[in-house]
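J.: What follows is a single structure, and I will ask about it in a moment.
Each reported figure results from applying straightforward, stated rules to the coordinates on display, with no laboratory input. Every value quoted in this text rests on a predicted model; they were computed, and no experiment measured them. Here Cβ is always computed from backbone atoms with ideal geometry, including for glycine, and neighbour counts include all displayed protein chains.
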Amino acid sequence: MAYKVIASKEVEEAIDNIHDYIATVLLSPQSAKNTVAKILDSLKSLEIFPEA
């Protein structure tokens, strides 16, 4: 059975802030993109493994 993961506005803002920090302060836009992709993949995996 698959579950539905719903991210709150706060979570979406936090992910945006993480991206912005890595891209602008650490000067690594590609790393920012990769980090956000990993976060989103992890959230998506909760649909299948909700207790992970």
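J.: So what is the diffusion coefficient of the chain in µm² per second by Stokes-Einstein at 10 °C and 1.306 mPa s, using a Kirkwood Rh over Cα pairs?
T.: Working: Rh = 11.8 Å.
Estimated via Stokes-Einstein, D reaches 134 µm²/s.
J.: Would you work out the charge dipole size for the chain about its Cα centre, treating the Cβ of every Lys and Arg as +1 and the Cβ of every Asp and Glu as -1, and quote it to the nearest 20 debye? Mind dumping the intermediate values first?
T.: Working: 5 positive and 8 negative charges, 34 e Å.
In debye, rounded to 20, the chain gives about 160.
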